1. Leu59: under 27 Å from Ala37 (Cβ atoms) and not polar (S, T, N, Q), yes or no?
2. Working only within the range 91-106, note down all residues that are touching a Lys or Arg at 6+ places or on another chain (Cβ under 9 Å) and more than 19 Å from Thr63 (Cα to Cα).
3. Give the residues of the range 44-101 that are without any contact (Cβ under 8 Å) to a residue 24 or more places away in the chain, of a type outside the set (Gly, Ala, Ser) and away from the ligand (no atom under 15 Å from the Cβ), sorted by residue number.
4. Condition (residue is open to solvent by less than 60 Å² (accessible area, probe 1.4 Å) and more than 25 Å from Ala18 (Cα to Cα)) applied to the range 133-150: is it met by at least one residue?
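The values are calculated or read from the model by the stated rules, or taken from the named source; none is laboratory data. In this text the structure is predicted, and so the values were computed from the model without any measurement. Positions of Cβ are generated from backbone atoms using ideal geometry, with glycine treated the same way; all protein chains shown enter the neighbour counts. Accessible surface is based on the protein model in full, side chains and every heavy atom, while ligands, DNA and RNA are left aside. Shrake-Rupley method; radii C 1.70, N 1.55, O 1.52, S 1.80 Å.
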Amino acid sequence: MKNLMMLAALLLPTALFAHDYTLGGLQIIHPAAGVTAPTAQAGAGYFQIVNKGSQPDRLIGVTADFPRVMIHTTQMDGDIARMVHLDAVDIPAGETVTFAPGGLHVMFMGLNGDPFALGETFDAVLIFENAGEIPVVFYVEEISDLTDHSHH
Ligand SMILES: [Cu+2]
C-alpha cells in the first residue's frame, strides 16, 4: 500500500515533487500528508482544489486503504482546536479551496502501527459530486500541524 521514495527524497528538493491532477475543470494540487508519530492512530492529508470551470462542484468523499477516511475541518473553541466532520466541501466555480493544517483536512484513521513516514506515498481517490472520481497519490512530507489528533 505504501511505496518508499526515500532515495529520491534524499536526492531532490521537495519543490520538485510538486504534483497535480486534472479532472474536467478541477485541478488537484499536491496531495500531501504529514509525517506521524510511530504510535499515531490517524494522519492528516492536504491539497488544493482549483475549480477552473464555470460550474460549482463539491468534494463528497475520499477513499483510501485505511479503516476510515473522513473530511474534517478545524474550529477554534477558545484556545482549543477541535476537528469537525464534514459530509462535503463546496468548490465554487472559479475558486480555490485549500486543505491545510489548522483548517480543512482529510483524516486517515486506523494506522495501527503503520505510521506515515517521510518519503512514503499512498493512493487515494477524491470523489466529486459532478466531476466524478479522481485517483491521486499523497506524498508523506514534514508538515507541521499543531492540531491534536490524539483523540481520534
Ligand atoms: Cu481531523
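1. Working: under 27 Å from Ala37 (Cβ atoms): no; not polar (S, T, N, Q): yes.
No: the conditions fail for Leu59.
2. As a first pass, look at the range 91-106 and keep what is touching a Lys or Arg at 6+ places or on another chain (Cβ under 9 Å): 91, 93-94.
Within the range 91-106, Ala93, Gly94 meet the criteria.
3. If the condition is that a residue be without any contact (Cβ under 8 Å) to a residue 24 or more places away in the chain, of a type outside the set (Gly, Ala, Ser) and away from the ligand (no atom under 15 Å from the Cβ), then Asp79 is the only one that fits.
4. The first filter runs over the range 133-150 and keeps only residues open to solvent by less than 60 Å² (accessible area, probe 1.4 Å), leaving 134, 136-141, 143, 145, 147, 149.
Cutting the leftovers down to more than 25 Å from Ala18 (Cα to Cα) gives us 149.
Within the range 133-150, one or more residues are open to solvent by less than 60 Å² (accessible area, probe 1.4 Å) and more than 25 Å from Ala18 (Cα to Cα).
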